[in-house]
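This is the structure I want to talk about, given as structure tokens.
The values are calculated or read from the model by the stated rules, or taken from the named source; none is laboratory data. Small disclaimer: the values here were computed from a predicted structure and weren't measured. All Cβ positions, even for glycine, are placed from backbone atoms using ideal geometry, and neighbour counts span all protein chains on display.
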Amino acid sequence: MAVRFKKSLREIKILDHTQGFNEKRLNFEFRFDPLTRRRARIMSLKFKVPVPPDIEKTVEKSLEYPCPFCEANVENMTPKFFPPFIPEGRIKFEEAVVFPNFMPYGQNNAVTVFSKDHFVGLAHFSEETLANGFLAAQSFFKRVYKKNIKNKYFSINWNYMPPSGASLIHPHLHLMADRDPSDYHDLILKRGKRFWKKFKVNYWNDLIKEEKRLEQRFLGETGNICWLLYFAPKGMMFDVMGVFVNELSLLEIPPAGFQEFARGLQKIFLYLAKNNLMSFNLTIFSGLKEKDYFWTHARLTPRFVIPPMNTSDINFTGLLHDESLSIIKPEDVCQEMKAFF
Ligand SMILES: [Zn+2]
């Protein structure tokens, strides 16, 4: 095995005010991402969001303004692609619709609305709705790639509900398809290539084999997708990784692959709902055609606000130091989430 789970355990001594100022030992870990070597800090607080978020109130608030993604508005309140790129203006796949992003932050950015439903709770996403959204996204990527094969860096991104950065609660994806990858996408592509050259093995292949053997963070499989808790999370709670085994580019995933991916997401969504987590960020990072060193994979991290002050789960460590701080060990989460697989 080439993958290495490197960590460094640290201990601090304090005089504990809750125990008559007696000596207390506190622990945390430095972990090093096995691919990027970036450092993550992990505490072991056994934290749970204590009460379910008031979703009804959020949905109610969202209906005070017209939603551009609802069926009655989508034709008039969303832009169309410039012809001749997509002569029909928008891409439609079953209930899913793809149109250009009105907020310009990439050369070929688009939005996919999953369905006509304004709000879909985490426990209620059907396999069909999810898979159709991803297939609609793939259809957009194929068109962008056909226009110019330099547009080869694809990612499917999802902010679900306001704590994750979603300004609209109507479920939708953000599609990125550019000639320049994001900074992080670029990093993992380069490190994947370096790993391949150095160890003569694909990193994600090696990671899955090792996680299966260790049985500490491996969740299970849904068809061709392997699911695990990532050793060095980026989120404050945990990161789930879903790997499309042997799949290089998002352009090449067969419809069955997205259905299998959707089945895995449904299981994770149920876990989130059961644990009062109403929001998440998800990215599917695509590899490149014919480049065996990178397998397409997803990373999902729950987002939440901390009661009673609705404190953000993002703070200076991640934002300004570029170093994640997590409050739970992925191994502890895995024990609970495994039951859903
Ligand atoms: Zn809507």
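Out of Y153, Y145, report the one residue that is more than 16 Å from the ligand (Cβ to nearest atom) and within 19 Å of R90 (Cβ to Cβ). Give the steps one after another, and end with the answer.
Values: Y153 fails: within 19 Å of R90 (Cβ to Cβ).
Residue meeting the stated conditions: Y145.
Has the stretch 83-92 got any residue that is farther than 28 Å from I55 by Cβ, outside any loop (DSSP other than H, G, I, E, B) and either in the same structural domain as D178 (by TED's automatic domain parsing) or in contact with a Leu (Cβ under 8 Å, 6 or more places away or on another chain) (or both)?
So the first thing to find is which residues in the stretch 83-92 are farther than 28 Å from I55 by Cβ, and the list is 83-92.
Add one more test, that the residue is outside any loop (DSSP other than H, G, I, E, B), and what stays is 91-92.
If we keep only those that are either in the same structural domain as D178 (by TED's automatic domain parsing) or in contact with a Leu (Cβ under 8 Å, 6 or more places away or on another chain) (or both) too, we end up with 91-92.
The answer is yes, given that some residue of the stretch 83-92 is farther than 28 Å from I55 by Cβ, outside any loop (DSSP other than H, G, I, E, B) and either in the same structural domain as D178 (by TED's automatic domain parsing) or in contact with a Leu (Cβ under 8 Å, 6 or more places away or on another chain) (or both).
Answer yes if at least one residue in the stretch 39-58 is surrounded by 10 or more Cβ atoms within 10 Å (Cβ to Cβ) and within 16 Å of the ligand (Cβ to nearest atom), and no otherwise. If you could, list the steps in order and put the result at the bottom.
So the first thing to find is which residues in the stretch 39-58 are surrounded by 10 or more Cβ atoms within 10 Å (Cβ to Cβ), and the list is 39-45, 47-49, 52-55, 58.
Pick out the ones that are also within 16 Å of the ligand (Cβ to nearest atom) and you get 55, 58.
Yes.
Name the residues in the stretch 105-149 that are aromatic (F, W, Y), farther than 12 Å from P171 by Cβ and crowded, with 16+ Cβ neighbours inside 10 Å, would you?
If we filter the stretch 105-149 for residues that are aromatic (F, W, Y), which is where we start, we get 105, 114, 119, 125, 134, 140-141, 145.
So of that shortlist, the ones also farther than 12 Å from P171 by Cβ come out as 105, 134, 140-141, 145.
Of everything in the stretch 105-149, those that are aromatic (F, W, Y), farther than 12 Å from P171 by Cβ and crowded, with 16+ Cβ neighbours inside 10 Å turn out to be F134, F140, F141, Y145.
Given the structure, is S139 free of Cβ contacts under 8 Å to residues at least 60 places away in the same chain, in a helix (DSSP H, G or I) and among the hydroxyl-bearing types (S, T, Y)? Don't jump to the end; show me each part of the working.
Details: free of Cβ contacts under 8 Å to residues at least 60 places away in the same chain: yes; in a helix (DSSP H, G or I): yes; among the hydroxyl-bearing types (S, T, Y): yes.
Yes: the conditions hold for S139.
For the stretch 99-123, which positions are within 16 Å of the ligand (Cβ to nearest atom), more than 20 Å from A256 (Cα to Cα), under 19 Å from the mean Cα position of the chain (by Cα) and outside any loop (DSSP other than H, G, I, E, B)?
Of the stretch 99-123, the ones within 16 Å of the ligand (Cβ to nearest atom) are 99, 102, 111-121.
Checking which are more than 20 Å from A256 (Cα to Cα) leaves us with 99, 102, 111, 113, 116-121.
Next, from what is left, pick out any that are under 19 Å from the mean Cα position of the chain (by Cα): 111, 113, 120-121.
Scanning the stretch 99-123 gives V111, V113.
A further question on this structure: Could you go through the stretch 77-98 and let me know if any residue there is among the basic types (K, R), more than 16 Å from the ligand (Cβ to nearest atom), more than 30 Å from K190 (Cα to Cα) and in contact with a helix residue (DSSP H, G or I) (Cβ under 8 Å, 6 or more places away or on another chain).
yes
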